[in-house]
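The values are calculated or read from the model by the stated rules, or taken from the named source; none is laboratory data. For clarity, every value in this text was computed on a predicted model and none was experimentally measured. FYI the Cβ positions are ideal-geometry reconstructions off the backbone, even for glycines, and counts take in every protein chain you see. With ligands, DNA and RNA removed, areas are computed over all heavy atoms of the protein, side chains included. Shrake-Rupley method; radii C 1.70, N 1.55, O 1.52, S 1.80 Å.
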Amino acid sequence: MLKMTGLILIMTAGAGLGFCSSFALTRRERAMGMLLRMVIYLKGEIRYGNASLHDAFGGAARKLPGEYAAFMKAVAGEMRNNTGQPFGEIFRNCAVQYLDGIGLTEEEREKFFSLGEHLGYLDLDMQMKQLELYEQELERSIQELKTEMPAKKKVYQSLGILGGILLAVLVW
């Protein structure tokens, strides 16, 4: 009886690992979508609101939920405090503090950090071009992820279930 309970728990844990990996892909897609919204809001605040960079971050923060709003508010606050740090450093520190657990890959995080490094010292036209470039890259990445996501989710779930069964058989 105890052995059978252990085997069921092993199979359930394997399936749980597979489904957890599957949910991580969905979480990553949502995070990338929120970053895209953030860039669109920033573009709108800068272009149509004719706002300075810290005002644009503050204005966009009012339209975003949760940790994204906290990140934007923190960046705007640091810029207003005028600590003497370069904008790229402020952007990176706030991103690490507030957006560290949103599920992006390391490459995606570095691209996001590079956006902050390129935004801080440019004039209005160059800021808009940098935001548009990042928006295009993000849209392309989201589209790629959406096309490969169903197959990857199935593979993760199947491997989790089969791995749990294999481990249960080996323990038996």
Nearest 10 degrees is fine. How inclined is helix 106-119 to the longest principal axis of the chain, computing both from alpha carbons? 10
Can you pull the Rg over Rh of region 35-85, Cα-only, Kirkwood? 0.97
What is the magnitude of the charge dipole of region 105-156 about its Cα centre, with +1 placed on the Cβ of each Lys and Arg, -1 on the Cβ of each Asp and Glu, and no other charges, expressed in debye to the nearest 20? 460
Given the options Arg27, Arg37, Arg140, state which has the largest fluctuation in a GNM of the chain using a 10 Å cut-off (strictly under) for Cα springs. Arg140
Quick check: residue separation of Phe19 and Glu117 times 0.36 nm, minus the Cα distance between them. What number comes out in nm? 31.7 nm
Sequence-separation-based contact order of the chain, relative, with Cα cut under 8 Å and 6+ spacing, percent: 42
Diffusion constant of region 3-73 at 4 °C, which comes from Stokes-Einstein with the Kirkwood Cα-pair radius and 1.567 mPa s, µm²/s: 88
For the chain, take the longest principal axis of its alpha carbons; what is the angle in degrees between that and the long axis of helix 87-98, to the nearest 10 within 0 to 90? 30
Just the accessible area per residue of the chain, please: how many Å² with a 1.4 Å probe? 58
Ranked highest first by average number of other Cβ atoms within 10 Å, how do 100-109, 57-66, 17-26 line up? 57-66, 17-26, 100-109
Distance cut-off 18 Å, percentage of C-alpha pairs in the chain lying past it: 66
